[in-house]
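What follows is calculated from the coordinates using simple rules that are stated; it is not laboratory data. Bear in mind the structure is a predicted one, so any value in this text is a computation, not a measurement. When we count neighbours, we look across all protein chains shown, and the Cβ atoms used for this are built from the backbone with ideal geometry, even at glycine.
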Amino acid sequence: MMQSETRRFACTSCGRCCNRGPEMELSEATSLAGTFVTSLLFKVHSLPASERSGWAKQWWGNRGSRIPLRPALEEARRHLGHFASRRRIDKSRDRQIFLDISAIVDDDGQGHCPALVGDLCGIYESRPVTCRTVPCHYSRAPSTLRNSLDQFTSTSGYKCDTGASAPIILDGNRVIDEAMRIGREQAIEKAKADQRWKDRIVAFLDDGERAARVGLPSFDAIVGNSDRGYATMLPMIVAWRVAAIEGIISPERFEEVCREQAALLKDRIARAGGQVSGELLGALAAYQAEFSKARAG
């Protein structure tokens, strides 16, 4: 029996997919610095160097794409290119790597997004684009959306409405829900708007002395972490330091975000009682040191 090309979906506001804070662009993290404690996130995506690569068929089989290998690979390169801050060919591993730089909300141990109030979003009008594109997340290339959506709606505990009365949001590889389509387009525009900032971070990665000054590792270290199976996360203050040095944000805004993050961290420490990690205390100290330095200057 042929599967339907269309998919229906309506959010029931069950709050189950808000089980942690969202990933977002750097500028979104800055705008929401008074709402979320965030970390700087480096992810490395690897693609086969060509459709003839030894691992290309395995990659394609795991991807859940609805199109043949070669166009799926071309689509993946094109889609990752919207968000990548660096592309590099790695001949030793027969792959092309894409570096993605973003921000992600720190896990505060509550088991849900810090902005969730009951089952509803407390910042709905200003929520990040990543939330606006659920369940057709902008990181997903068009040919993978149907498989991704099916996995999302079948997640245990989720109460998504996929019945006959729910609107059709996907037809084949095409998003037809207007709000979701606009959200995916906005994600690309936001990534473009943040590209200068990300380019400067990459430039710091390549300069050991400058990287050490702001707290960045090397590009090779980030790739090495990825090859060992995990992304690289750093305190968001690292990205804001680069932004302040490069004139992407003003000294006044830098001081303000440091104060906003410090206030959130103090609140979390107060709620934690005696169960406070050294990492949390270190993050607070770093933000306090920055705005103390600004005051002294």
(request) Work out how much length Cys11 to Ile182 would gain on full extension: take 0.36 nm times their residue separation and subtract the Cα-Cα distance, in nm to one decimal. (result) 59.8 nm
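If N is the number of residues in the chain, what value comes out of its Cα radius of gyration divided by 2.2 N^0.38 Å? Mind showing how you got there, number by number?
Values: Rg = 20.6 Å, N = 297, 2.2 N^0.38 = 19.1 Å.
This ratio for the chain stands at 1.07.
Which whole-number percent gives the relative contact order of the chain, counting Cα pairs below 8 Å spaced six or more residues apart?
Result for the chain is 26 percent.
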(request) Work out, step by step, the length gained on full extension between Glu125 and Arg196: first 0.36 nm times the residue separation, then minus their alpha carbon distance; give nm to one decimal. (result) 22.9 nm
(request) Mind checking the full-extension length gain between Glu209 and Val117? Use 0.36 nm per residue of separation minus the Cα-Cα distance, one decimal, nm. (result) 28.7 nm
(request) Could you compute the FRET efficiency for Asp150 and Asp90, with r as their C-beta to C-beta distance and R0 at 30 Å, rounded to 0.05? (result) 0.40
(request) Place +1 on the Cβ of every Lys and Arg and -1 on the Cβ of every Asp and Glu in the chain, take the dipole about the Cα centre, and give the residue among Cys258, Leu116, Gln58 whose Cα lies farthest towards its positive end. (result) Gln58
(request) Give the long-range amide H neighbours of Arg8: residues separated by 5 or more places, or on another chain, with amide H under 5 Å away, using H modelled in the peptide plane at 1.01 Å from N. (result) Ile169
(message) Run the helix sum for the chain: -39,500 (n - 2.57) per DSSP H stretch of 4+ residues, divided by residue count, reported at 222 nm to the nearest 500 deg cm²/dmol.
(response) -13500 deg cm²/dmol
(message) Just to verify a number: FRET efficiency for Lys266 and Ser50, C-beta to C-beta distance, R0 = 41 Å, to 0.05?
(response) 0.20
(request) Loop only per DSSP, at most 11 neighbouring Cβ atoms within 10 Å: give me the trypsin sites (Lys or Arg not before Pro) in region 188-297, ordered by residue number. (result) Arg228
(request) Just need the Rg to Rh number for region 250-297, please, alpha carbons only, Kirkwood Rh. (result) 1.04
